[in-house]
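Below: the structure, in structure tokens.
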Amino acid sequence: MKTIRNQLMRRILQLEFSLLVVVVLAVFHVSRGALIRGFDENLNTQLRAVSTAVEMENGHLVFDRTDLLPEKDSTTSGRLMFQVWEQSGRELARSEDLAQSLPGGATGLALKAGAFDFRLTNGSTLRVASGVAAPASTNADGTSGPRMEATVTVAVDRRPLDATLTSVLLALVGASVAFMGTTTLIIPWVVRKELAPLIGLAEQVQEIKGTSIDQRFSTTHLPGELVPVASRLNELLERLEATLTRERQFSDDLAHEFRTPIAELRSLAEVAIKWPGTWGKGNDEEVLAIAVQMEELITSLLAISRGVPGQNSGSAESIDLRRLIETIWEPLSARAKERKLICDIQVSTESRIRTDPALIRSILGNLVENAVEYTATGGAIQIRALLGTDDFNIYVSNPVQDLTQADVPNLFERFWRKDPSRTGTHHVGLGLALARAFAARIGATLTATLSAEGIVTLRLSGPIDIAPRSTEKHYSVMKNISPSIIGPVVTIASMLLIGAGCSTDSLEALANQATVTKEQAQTTALTKAPGGTIKEGELEKENGRLVWSFDIAVPGDKNITEVQVDARSGEIVSVEKETPSDQAKEKAADKAKN
Amino acid sequence: MRVLLVEDSVRLQQSVGMALRRSGYAVDVASDGEEGLWRAESLDYDVLVLDLMLPGLDGMTVLSRLRATGKKTHVLLLTARDSVDDRVRGLKAGADDYLVKPFALEELLARVEALCRRAYGNKSNQLRFDDLEIDTDGKTVVRAGQPIKLKPREYQLLEYLAHRAGQVVSQSEIEVHVYSDDVEVMSNVVESTLSSLRRKMTLPNSRPLIHTRRGQGYILEVGGE
């Protein structure tokens, strides 16, 4: 895997290797130069020594070997070889065992300046230096004689020099390998040690799962470069946790809000099924009330998610605030009077704003309704509107009981209620959340404060002239939830209404509940009208009881005998006579119903 | 068996209350935590069906306070909260069972039935005493192989006596466990129900099972008197 640690180690080792190669080469180069220079200096010394052996004798050049040190005692490691030529090219002297001519004289081998290498035919290499010897010549009268020169070439086997250079090179390579080996072991350890905080941070991040977002990164021992990273991660985690907690709470609340009505529906249905005949008209109304309650809940949630109260929002109009508030107050005044509440409306007749009428009405309606609902009996509600040049502020204040400062931020939370029991069906804790969502739609803000005296004030602030925003933004959770909830709610309500014998009766649904067949019921019914003929027979719910109902015509009798047989027990439920006039009325009623 | 249903939803009070009554329980209903606690402390209910989210005192507080008084009434928690934490908290607070809304009525009845049996140390729904067999599920009574048809109140009384077979049960205990608050117990109603019960249980050559202990109460036992 490509990691910072591996990359860093690779880069450091590559760099180290490159530097080492350069250093080794440089050191070797310098060492080699120094060694060769020393070798050459020695060779030149030898050259000068050999040159001194060239003498003038009787006007001729002679080579006096006695002046030479023993060749084998040469200061160079190798044996010294030499060859001397006269100016004419005639060889004057050479080393005793020199089998091959050295460069110089008439050999045709070129001389080079300074010392140089010369390869012998036997393959060995000599280090060669050459010079000119011009011994002084003195005539008999003491004057200087003719000047004569000799070419002197000295050579030394360079193997000892090469051996030394090889040793130096090996020593350098050995030291380099040892150095590389050591650093290859040490560098990863150092890198790992120094990157430990980063690796630790990465491991901690890796361990964060959906279930452990409450974890936080400690910044105490982190290096300075990582502190901002960890801090920012902590901030993100906090925000994520808060969001998830809010969503989880919302899901819990949503589930909770639906659990109780569903439990109520289910219990009603199961009691009716288990004890047929217990279903009364009141149960129909209860089922309807539960369905309506759930429908209202879903409608409110959808409105929050979409930020629209109904179908007609989206246009801005000039609103007379005084008139709007009075319109809102009017239907609530009876309830306020009942609770002995006083309302003080301080809104000028000149107070006009331009905004979405449906949204502003919904927001203010919610605030005022809440005030009427939650103000302590005999309390005073105050509604004020203050208009500036560009913006407006509307305040709805009322005294409340049992509300604390800690509750204030929760007022706008979906499903939040001071009383968590959810008793009653009117308030589900969505009103202020809705109002705030609507306020945002008209570019306004809705805030709440609680005074030390227990007066809660809801403040709506916004621009005097606004254009409503687009209504395209939907809240994804509700967008997904609502269809899945609405379907079952409608189905449950329909099923229960069918079970209750309401107008939505389905023959198939009823037939599934019957345990007595039509034929069996007919036989039982005919025992109450001997000799009769079944004119009509149907399965229906009568007062919550599932019955087969037969109209039987008996020859010689103008009346119709209506016999009802319990579709579950097979018992006769009722026997009634219907006169022709009754039959006509029933037909008319059925026609009107359909 | 007497059950106290503490539930703030009127609809659930009605439907669950009816289901329990129809299943042979004497049922009292409380709409909030304070009333529920007061009732639970005042009487020895066999089972307390307690909603958790109640106005006034919440169900968890009711349960804790009830346990603090030393009451050992079996408690079935009923709630819309279904997280493991909620369940664990409820059970740790002293609940005997936990049921999440929405629930199947049959399951609620089965759990109440199980808690009632546990209240008297019985594990089976079949109570047997001498030649008497009582099926607490089907609410049927058979003696010496012959079915005996009893009225609901007679059955409740017999089941209660059978649960406490071998023990003397006072009239007030019968009134507490067999009659709910909405029934006005006349001075001789227990005596008259017992008389009817004895008559129906008397078969040719059978031994009397329900005996009267003067000044103490009644006992279901073989022999006696």
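Scan region A:122-169 for residues that are part of a strand (DSSP E or B) and over 23 Å from A:Leu47 (Cα atoms) and jot them down. Hits for region A:122-169 are A:Thr138, A:Ser144. Any idea which residue in region B:8-37 is surrounded by the fewest Cβ atoms within 10 Å (Cβ to Cβ), counting only those that are at the interface with chain A (Cβ under 10 Å from one of its Cβ atoms), farther than 18 Å from A:Glu270 by Cα and among the charged types (D, E, K, R)? Taking the candidates together, the pick is B:Asp32. Of everything listed in (1) in contact with a Ser or Thr (Cβ under 9 Å, 6 or more places away or on another chain); (2) farther than 30 Å from B:Leu99 by Cβ; (3) not assigned by TED's automatic domain parsing to the domain that holds A:Asn366, the single unmet condition for A:Glu238 is (1). Restricting attention to region A:47-79, the residues being within 22 Å of A:Ala115 (Cα to Cα) and either at pLDDT 85 or above or in contact with a Gly (Cβ under 9 Å, 6 or more places away or on another chain) (or both) number 8. Given the criterion over 24 Å from B:His177 (Cβ atoms) and either surrounded by fewer than 18 Cβ atoms within 10 Å (Cβ to Cβ) or touching a Pro at 6+ places or on another chain (Cβ under 6 Å) (or both), identify the matching residue among B:Lys92, B:Lys101, B:Lys123. Within the list B:Lys92, B:Lys101, B:Lys123, the selection yields B:Lys92.
B:Val75: surrounded by 22 or more Cβ atoms within 10 Å (Cβ to Cβ), touching a His at 6+ places or on another chain (Cβ under 8 Å) and away from chain A (no Cβ under 12 Å), yes or no? No.
Meeting the requirement of 1 or more residues that are in contact with a Leu (Cβ under 9 Å, 6 or more places away or on another chain) and assigned by TED's automatic domain parsing to the domain that holds A:Leu430, the strands (runs of 3 or more DSSP E) wholly within region A:262-374 are A:342-346, A:352-355.
State all residues of region B:178-195 that are surrounded by 15 or more Cβ atoms within 10 Å (Cβ to Cβ), of a type in the set (Ser, Thr, Tyr) and at pLDDT 80 or above; if no residue qualifies, say none. Quick ask: steps written out before the conclusion?
Going residue by residue through region B:178-195, those that are surrounded by 15 or more Cβ atoms within 10 Å (Cβ to Cβ) are B:178-180, B:185, B:189-190, B:193-194.
Now drop any that are not of a type in the set (Ser, Thr, Tyr), which leaves B:179-180, B:193.
Within region B:178-195, B:Tyr179, B:Thr193 qualify.
Please work out which one of (1) more than 23 Å from B:Tyr160 (Cβ to Cβ); (2) in contact with a helix residue (DSSP H, G or I) (Cβ under 6 Å, 6 or more places away or on another chain); (3) more than 10 Å from every other protein chain (Cβ to nearest Cβ) is the condition B:Ala68 fails and give its number. Of the numbered conditions (1) more than 23 Å from B:Tyr160 (Cβ to Cβ); (2) in contact with a helix residue (DSSP H, G or I) (Cβ under 6 Å, 6 or more places away or on another chain); (3) more than 10 Å from every other protein chain (Cβ to nearest Cβ), the odd one out for B:Ala68 is (2). Would you please name the residue that is farthest from the chain's Cα centre (by Cα), looking only at residues in region A:121-133 that are surrounded by 15 or more Cβ atoms within 10 Å (Cβ to Cβ) and not β-branched (Val, Ile, Thr)? Here the residue is A:Ala133. Under the condition of being touching a Leu at 6+ places or on another chain (Cβ under 8 Å) and either in a loop (DSSP other than H, G, I, E, B) or polar (S, T, N, Q) (or both), which residue from region B:166-207 is farthest from B:Leu4 (Cα to Cα)? The qualifying residue farthest from B:Leu4 (Cα to Cα) is B:Gly166.
The values are calculated or read from the model by the stated rules, or taken from the named source; none is laboratory data. This one's a predicted model, so the numbers in the text were calculated from it and none came from an experiment. With ideal geometry, Cβ positions are generated from the backbone for all residues, glycine too; neighbour counts draw on all protein chains shown.
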